[in-house]
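Student: Structure in structure tokens, see below.
A short reminder: the numbers here are calculations on the coordinates, not readings from a lab. Bear in mind the structure is a predicted one, so any value in this text is a computation, not a measurement. Cβ atoms come from the backbone with ideal geometry, glycine included; neighbour counts cover every protein chain shown.
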Amino acid sequence: MHCDWTMPTPKGSYYRLLHELFTDMGMAPAISVTCETFMACTSLVAQSDFISILSLDVISDPILGNQLMPLNIKEKMLKATFYLIQRKGTTLTPMGHTLRGCFGCTAAALNFRSVKEACALLGIKKP
């Protein structure tokens, strides 16, 4: 934990909980830079020797992913909960509808063997 860390804004409860978890273990990260967006955080890690806690999906990003490397850690991380929300009384755009389908299939896949099986059971065409 003796290195420079960057994290997305700590306003979110997940990152606040992670910081508390590490602090309780006596390993509070030295967060030198707080970024307002995940993209800014990812970009900083890709262009420096900073480390961060980001989704594993970031490594598959076609722009910055090839400049990143996941680090294996023995400590268990907290599971994050994500929700897809929309403003009441509005209709989703075609892109929003596609995103909802992807989100639903991926979330359901956590309870099934594959995204394909989850989408089939939900009656959603996998994009």
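Student: Suppose R0 equals 22 Å. What FRET efficiency, 1/(1 + (r/R0)^6) with r the Cβ-Cβ distance, do S13 and Q67 give to the nearest 0.05?
Tutor: It comes out at approximately 0.15.
Student: Also, quick follow-up: Between I31 and R100, what is 0.36 nm times their sequence separation minus the Cα-Cα distance? Round to one decimal in nm.
Tutor: 21.5 nm
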